[in-house]
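J.: Next up is a structure, given as structure tokens.
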Amino acid sequence: LKPVRAVVRSVASLLDMAEVDPAVPVTTFVGIDLSVANTVVSCSSAEEPTAVTVAVNDVSNRATPAAVGFDGKLRLVGDPADAKVTQLPKQVVTGLPAVLGTLDAAKANYSRLGCLWNFTDDGQIGPMSFGGRDDLCMKPSSCLAAMVQKLVSFAVGESVYSFPAAADALQPFEVAAGVPDAWGEAELSSLRAATDILGWKPERVHVIPYSAALATAYAQRWAQKLGDGETRRVVAFVDIGYSQSTVSLAAFSPKEGAETPELTIEALSSVSAPKLGVQSLCAALAQHIDKNLQAKGNEPIAMASKRGVRLMTALQKAVKELSMLPDTTVALECFYADEGDLKVDVSRAQFEDIVQPQLQELAELVKKALSEAGVAAEDVHSAELVGGGMRIPRVQALLSQLFPELEPAEAEPENGGKALSKRLRFSLDGASAVASGAAHFAAGRRALAAKWDFSSQKSCLDDAALASCRELEEWMSKTNGEEVKRLDKCNELESFIYEARSWLSGPDRALLKPDTTEPLLEEASRWFEDAQYDDSSTFAMFEEKLDTLKKQLEEHGSEFFEKRRKEKEEKEKFLDAEAEKERQRRHEAGMDADKDDRKMAKSDRLKMATKNKEEGNTVFKAGNLEDAAARYQRALQHINKFYMLDVSPDEKKEADAVTLSIQLNLAQVFLKLAAQTEKDSGKEKAEAVYQKAKNACDEALKVDEENVKAKFRRASAMERLGDLDGACKEVKSALKTDPENADLLKLKERLDKLQAAQTAKAKKIYGKMFG
């Protein structure tokens, strides 16, 4: 255990804003939870710095794997890299933040986490194969630079890749990274090197320990909710992460003389266990399973192998399932060298017995934090549980024992009928609390002074090494960008070939002069089959082949394309006529037609839909809900017209993705509008708006029937519409897809209480009716 005595005391108000040089405008504040397994990004705008939201990644996930991969000429970050781990284990850097420390610590973590990528004796990543080189070695800071740049892009967009365009460029974002409390000089110097490689302004980058991020998030959450007459609240934060755990204590007090309710923070203590986390629990379970299987004659399982990675991934899922079920089965097909399967039954009781040493370590960590703070357990107002291990029943039971004060009404069957202490709380989003706290810190809410001054932090790179790393980063970025562009053109050629084949199978085949065009198409197809796997095939070659094929088909099939052109014109005339009828109908009905009736190509329709969606996002963040709803609905008008055109499967897939995003955003807007309407005008008038939110979710689920966000928002709307049974069914369905979703679990808890109250009320009524 590594105690870190916090001696910082509150020196500023929670709402004291950071000084911002007007010559250097900041438009976005970004907070990052720089975790070993999954990172999370939150952000807020300069217009509304207190409105912090989680920034989803490029596949709409809240969490992003801390992985950087190299595949040919592609540099992959996050989910695309993580998807390549089993296919290219030597080419994907996992657990990157764990190898930023001293060489000895980095090697120990590399071994403990079962990393498969190459790590040199002098602490470099590699050798890797990338961009035609098989000997690529780089410092961890170089990989980290690519990762943090990608993470910030989720909040500020693609503009982060063009900064800095010049030495005197203004940095339009301010970043705060939440990192383990046990971080020292070596880790901080590696992070400083990464931001120097990217050319970020050090005064616009902050690093805060997890404990400070959690305390900041809590203060923001509870600023107006301390009890009447409550002058001081001591809170324990128990953060059980993937590879480390931290227990910290902080005291919160109302700020005297503040115009609005604000809190000051006093950091009391913070202690860390760098090797205790969900990973260590899974590792203990893996060792137990391996030992038992070997006793039955099976071969040993090396954790630092593809098999080991598969097993650890399966066990992480099993631990989640055991948080909800009494037992589960770990099943992996073709697991052994002889293609034999692995199948093991694991009960919750068995798991709890296996990880008893780790649970004891957690208990000692809590006791040490209390001792460091000089606080007795009975003086702690509440214990906030966050991190990946927060839902493990035995962890909750252990903390209930350490912070006792039971309420029998809260007893849960999975805890053997023992009630959880009412002081055990889950008021923070366990997955995003660190990132949100960091975003608040970036925006200037710094009731805790910074533990580290990042602007004066030394880099682990000297000037020569920094120049070399920047040159390498420029080459890797350029190589990746050119490859992405090349593959996009390759895909465009392939799509056109498939589309042309569908024309030759259609009713107008004869108009394409198949005797002439089919050989041309077959030749292009054969060329493509060879070129797509040939690294020497360039963007220009794919572009030339596509242009040539299009010209050849248009030349020999001129009658076909002329017919398509006329059909398109006729369809547009029909759409114009229908639009005119609709305008006339709305005019006669006295309705305001907020429609865009311009003639547009398919690509322009989709661009306009995307543009209106982004406009909606902007005004939504600014709090203009009515305007946001209007822009999202305008985007849907463009999408609906797009669907009425002759679209290919790929075009439909692209439009579906835009539609899903718009409907989800529209549902969120209607939920907020309904809540405001209910507050201002009563529940009856709000019901119509809640119904609109539900309808938007219904449309989203037509595109993606398993979408968790759509189910959550539909359940929220159904709850307010009084359909508790329907809302519960929706939540249960969503939890099957994402059992650890904090928002769903909170909603489930609320719905369960509402249903219990409803049942009790019904019993009381019937009791009176029938004596």
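J.: With every protein chain present, what is the per residue accessible area of the stretch 430-587 (1.4 Å probe, Å²)?
T.: Per residue, the stretch 430-587 has 57 Å² of solvent-accessible surface.
J.: Another question about this same structure. Under the rule of at least 5 residues apart or a separate chain, name every residue whose amide H is placed under 5 Å from the amide H of residue 101.
T.: So residue 101 has HN proximity to 106.
J.: Per residue and in cubic angstrom, what volume does the convex hull of the Cα atoms of the stretch 676-722 have?
T.: 58 Å³
J.: Once the principal axes of the Cα atoms of the stretch 670-753 are found, what is the range along each, listed largest first in whole angstroms?
T.: Projected onto the principal axes, the Cα atoms of the stretch 670-753 cover 37, 31, 19 Å.
J.: With every protein chain left in place, what is the accessible area of residue 128 in Å² (1.4 Å probe, nearest 10)?
T.: Accessible area, nearest 10 Å²: 0 Å².
J.: Per residue of the chain, what 222 nm ellipticity follows from adding -39500 (n - 2.57) for every DSSP H run with n ≥ 4, rounded to the nearest 500?
T.: -17500 deg cm²/dmol
J.: So how far apart, in nm, are the two label points at residue 427 and residue 291 if each is 7 Å from Cα heading toward Cβ?
T.: Placing both labels 7 Å beyond Cα along the Cβ direction yields 4.2 nm.
J.: In addition: Under 5 Å between amide H atoms, partner at least 5 residues away or on a different chain: which partners does residue 128 have, H built in plane at 1.01 Å?
T.: Placed amide hydrogens put 136, 137 under 5 Å from residue 128.
J.: Can you give the translational diffusion coefficient of the chain in µm²/s, computed by Stokes-Einstein from the Kirkwood radius over Cα pairs at 20 °C and 1.002 mPa s?
T.: Stokes-Einstein gives a translational diffusion coefficient of 73 µm²/s.
J.: Kyte-Doolittle cut-off 0.5, length cut-off 15 Å along the helix's own axis using Cα: show which whole DSSP H helices in the chain pass.
T.: TM-like helix candidates: 140-156.
J.: I would also like to ask the following. Kindly state, to the nearest 0.05, the FRET efficiency for residue 203 paired with residue 539, given R0 = 45 Å and r defined as their beta-carbon distance.
T.: Step by step, r from the Cβ atoms, then E = 0.70.
J.: Let me ask something else. Rank by packing, highest mean first: peptides 671-678, 693-700, 555-562, 63-70, with packing defined as the count of other Cβ atoms within 10 Å averaged across residues.
T.: Packing order, densest peptide first, comes out as 63-70, 693-700, 671-678, 555-562.
J.: Ratio of alpha-carbon Rg to the 2.2 N^0.38 Å globular estimate for the stretch 107-148, to two decimals, please.
T.: 1.20
J.: Using the beta-carbon distance between residue 746 and residue 79 and R0 = 22 Å, what value does 1/(1 + (r/R0)^6) give for FRET efficiency, to the nearest 0.05?
T.: For R0 = 22 Å, the calculated efficiency reads 0.30.
J.: As a test of reading the structure, rank 28, 618 by solvent-accessible area (1.4 Å probe, protein chains only), most first.
T.: So the residues, ranked largest to smallest area, are 618, 28.
J.: Could you order peptides 749-755, 271-277 by the average number of other Cβ atoms within 10 Å of their residues, highest first?
T.: Final packing ranking: 271-277, 749-755.
J.: Would you mind calculating the gained length between residue 547 and residue 129 on full extension (0.36 nm times residue separation, minus the Cα-Cα distance), in nm to one decimal?
T.: 147.2 nm
J.: Per Stokes-Einstein, at 25 °C and 0.890 mPa s, what whole-number D in µm² s⁻¹ belongs to the stretch 200-331, with the Kirkwood radius over Cα pairs as the hydrodynamic radius?
T.: 133 µm²/s
J.: Now for a different question. Which value, to two decimals, describes the C-alpha radius of gyration of the stretch 78-144 once divided by 2.2 N^0.38 Å?
T.: 1.05
J.: Cα convex hull of the stretch 629-771: mean projected area in nm², to one decimal?
T.: 10.9 nm²
J.: Let me ask something additional. For 336, 498, 242, 533, give me the order by solvent-accessible area with a 1.4 Å probe, most accessible first, ignoring ligands, DNA and RNA.
T.: 533, 498, 242, 336
J.: Here is a follow-up. Nearest 0.05, what FRET efficiency do residue 474 and residue 759 give at R0 = 56 Å with Cβ-Cβ as r?
T.: It comes to 0.30.
J.: Per residue, how much accessible surface does the stretch 618-711 expose to a 1.4 Å probe? Answer in Å², no decimals.
T.: Value returned for the stretch 618-711: 51 Å² of accessible area per residue.
J.: If you average 1/r over every pair of different alpha-carbon atoms in the stretch 86-217 and take one over that average, what Kirkwood value in Å do you get?
T.: The Cα-based Kirkwood calculation yields 16.1 Å.
J.: Percent of accessible area on the stretch 475-555 owned by carbon and sulfur, 1.4 Å probe?
T.: 48 percent
J.: Report the antiparallel proportion of the DSSP beta bridges in the chain as a percent, rounded to a multiple of 5.
T.: Within the chain, antiparallel bridges account for around 75 percent of the total.
J.: If you roll a 1.4 angstrom probe over the protein chains with everything in place, what fraction of the accessible area of the stretch 263-415 belongs to carbon and sulfur, to the nearest %?
T.: 50 percent
J.: Quote the accessible area belonging to residue 324 in square angstrom, nearest 10, computed with a 1.4 Å probe and with ligands, DNA and RNA left uncounted.
T.: Counting only protein heavy atoms, residue 324 exposes about 100 Å² to solvent.
J.: With the crude spin-label approximation of a point 7 Å out along Cα→Cβ, what separation in nm comes out for residue 299 versus residue 327?
T.: Those two pseudo-labels are separated by 3.0 nm.
J.: What is the percent carbon and sulfur in the accessible area of the stretch 58-133, measuring with a 1.4 Å probe over the protein chains and ignoring ligands?
T.: 49 percent
J.: Sorting check: for 545-551, 437-443, which peptide has the highest mean count of neighbouring beta carbons within 10 Å, and how do the rest follow?
T.: Put in order of decreasing packing, that is 437-443, 545-551.
The values are calculated or read from the model by the stated rules, or taken from the named source; none is laboratory data. Keep in mind that this is a model prediction, so the values were computed, not measured. Neighbour counts run over all protein chains shown; Cβ positions are idealised from the backbone, glycine included. Ligands, DNA and RNA are stripped out before the accessible areas are found, and what is left, the full protein with its side chains, is counted by its heavy atoms. Shrake-Rupley method; radii C 1.70, N 1.55, O 1.52, S 1.80 Å.
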